[in-house]
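Asker: Let me begin by handing over the structure; questions about it come next.
The values are calculated or read from the model by the stated rules, or taken from the named source; none is laboratory data. Only a predicted model underlies this, so the values are computations on that prediction, with no experimental measurement involved. Heads up, the Cβs are rebuilt from the backbone with ideal geometry, glycines too, and the neighbour counts pull from every protein chain shown. Please note that ligands, DNA and RNA were not included when accessible areas were found on the heavy atoms of the full protein model with its side chains. Shrake-Rupley method; radii C 1.70, N 1.55, O 1.52, S 1.80 Å.
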Amino acid sequence: MASSHDQPVVSFLGPVASYSHQASSLTRAQPGLGLLLTPSQGGSAGFPRGQMALETDVFDEVQDRRVTAGVVPFENSTNGSVVFTLDNLADRNGRYKDVTVDGEIFVDVHHCLLGRKKPSEKLDQAHETSGACAPAAASPSPSVLDSLSHIRRLYSHPQAFGQCNAFISTYLKGVEIIDVSSTSKAAEIVSQDETGTWAAISNHLALSLYGLDLLGKNIEDREDNTTRFLVIGTNPSVPDDWDLQKLSIARSGSKSLVSFTVPHTAPGALADVLGCFREFNLNLTSINSRPSLLAPFQYIFFVEFEGHRYDDADGRVKGALERISQAAQSWRWLGSWERYR
């Protein structure tokens, strides 16, 4: 059960103040999902406290029905797809056979550099890093370079590093880069530093939560930096409130996600599967691939397209899925949901 009182619980990549936490707070706008949130690192989820939260933990909780839904990052507008989520959706070992994608959430991502100001240095506002985006590497600000000269380690999630390349290469060149499970975990780690030489790329919520100093804000490469999260659950059939959901889908549209493999020795096999979408006039919105691990350089493909499996009056989605089942070596429908944007 999700909880002792049958309250809906949404699991997210913790600790609190992560971007996944922020996305999970928006699930209240998703039909059928509730408000009670639990970080996937302990407590009601059954994981030991202090254990590093992983995206796999969220999938485990959803598959085992310990929560109603999970929120996982899927892609970023600057740095591309989140491979950890794709790998869990690939489900190579059959662990997540009941997990479906039931929604999407977009979060504007504005990164901050958090840490400790240089001891004995009192910086006024004019010397703080406050640009709207990362400056060009060709013209670094001397005052900012000086204010960050004491930083020796930089912690964050790999996706955040990829979204702040310009700032890092300009002001933190040569600093040791350390990957951690989330941006909020990075802030938590840095808050325990007694040397004052560690910093984290995190968000403004973590600033006060962990008692850190703001060393830089809006350090992402692009002002329009956005991450799309998927809401996952175990809802393979038509929901109870389907009539209401259909009205909402009629206004905003819908999307679906499938994965498949093709025989790599057959010429044109991938084109044959992709042709199924064109044959039924279904617009593709993204294509990804991950190694299948069946053999070197063979892949599982993920295709997202416009259309809904259960809102398919003209039968286009049904027709495409039937053709895919004939053309692909193996395939799986991963879910349909209301389009957020």
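Asker: Is it true that residue 231 is among the hydrophobic types (A, V, I, L, M, F, W, C) and either within 30 Å of residue 326 (Cβ to Cβ) or loosely packed, with under 13 Cβ neighbours inside 10 Å (or both)?
Answerer: Against the criterion (among the hydrophobic types (A, V, I, L, M, F, W, C) and either within 30 Å of residue 326 (Cβ to Cβ) or loosely packed, with under 13 Cβ neighbours inside 10 Å (or both)), residue 231 does not qualify.
Asker: Turning to a different aspect of this structure: Taking the condition within 28 Å of the chain's Cα centre (by Cα), modelled with pLDDT of 95 or more and under 23 Å from residue 94 (Cβ atoms), does residue 330 pass?
Answerer: Considered against the rule, which asks whether it is within 28 Å of the chain's Cα centre (by Cα), modelled with pLDDT of 95 or more and under 23 Å from residue 94 (Cβ atoms), residue 330 comes out as yes.
Asker: Moving on. With the condition kept exactly as written, say whether any residue in segment 261-276 is touching a Phe, Trp or Tyr at 6+ places or on another chain (Cβ under 6 Å) and not aliphatic (A, V, I, L, M).
Answerer: Scanning segment 261-276, I find no residue that is touching a Phe, Trp or Tyr at 6+ places or on another chain (Cβ under 6 Å) and not aliphatic (A, V, I, L, M), so the answer is no.
Asker: Based on this model, can you work out whether residue 205 counts as open to solvent by 10 Å² or more (accessible area, probe 1.4 Å) and assigned to a helix (DSSP H, G or I)?
Answerer: yes
Asker: Which of (1) touching a residue at least 60 places away in the same chain (Cβ under 8 Å); (2) within 16 Å of residue 101 (Cα to Cα); (3) of a type in the set (Lys, Arg) is the odd one out, the single condition residue 246 does not satisfy?
Answerer: (2) is the only condition that residue 246 fails.
Asker: Checking residue 314 against (1) in a loop (DSSP other than H, G, I, E, B); (2) over 30 Å from residue 18 (Cβ atoms); (3) assigned by the TED database to the domain that holds residue 67; (4) not basic (Lys, Arg): exactly one of these is not met. Which one?
Answerer: (3)
Asker: Could you check residue 306 against (1) open to solvent by 60 Å² or more (accessible area, probe 1.4 Å); (2) closer than 30 Å to residue 241 by Cβ; (3) of a type outside the set (A, V, I, L, M); (4) in contact with a helix residue (DSSP H, G or I) (Cβ under 9 Å, 6 or more places away or on another chain) and say which number it fails?
Answerer: (4) is the only condition that residue 306 fails.
Asker: Now for a different question. When you go through 238, 231 one by one, which is the residue that is in the same structural domain as residue 83 (by the TED database), in a strand (DSSP E or B) and not aromatic (Phe, Trp, Tyr)?
Answerer: Of the residues listed, the single one that is in the same structural domain as residue 83 (by the TED database), in a strand (DSSP E or B) and not aromatic (Phe, Trp, Tyr) is 231.
Rundown of residues vs (1) touching an Asp or Glu at 6+ places or on another chain (Cβ under 9 Å); (2) within 21 Å of residue 17 (Cβ to Cβ); (3) modelled with pLDDT of 95 or more; (4) of a type outside the set (Ser, Thr, Tyr), yes/no style:
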{"position": "110", "(1), (2), (3), (4)": "yes, yes, no, yes"}
{"position": "126", "(1), (2), (3), (4)": "no, no, no, yes"}
{"position": "152", "(1), (2), (3), (4)": "yes, no, yes, yes"}
{"position": "157", "(1), (2), (3), (4)": "yes, yes, no, yes"}
{"position": "175", "(1), (2), (3), (4)": "no, no, yes, yes"}
{"position": "178", "(1), (2), (3), (4)": "no, yes, yes, yes"}
{"position": "184", "(1), (2), (3), (4)": "no, yes, no, no"}
{"position": "190", "(1), (2), (3), (4)": "no, yes, yes, yes"}
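Asker: Further, regarding this structure: Within segment 172-202, restricting attention to residues that are assigned to a loop (DSSP other than H, G, I, E, B) and of a type in the set (Gly, Ala, Ser), which residue is surrounded by the fewest Cβ atoms within 10 Å (Cβ to Cβ)?
Answerer: Restricting to residues being assigned to a loop (DSSP other than H, G, I, E, B) and of a type in the set (Gly, Ala, Ser), the top hit is 174.
Asker: Give all pairs with beta carbons closer than 9 Å in which a residue from segment 162-190 that is within 11 Å of residue 151 (Cβ to Cβ) meets a residue that is surrounded by fewer than 17 Cβ atoms within 10 Å (Cβ to Cβ) and of a type in the set (Ser, Thr, Tyr); count only pairs at least 6 apart in sequence or on separate chains.
Answerer: Close Cβ pairs satisfying both conditions: 171/141.
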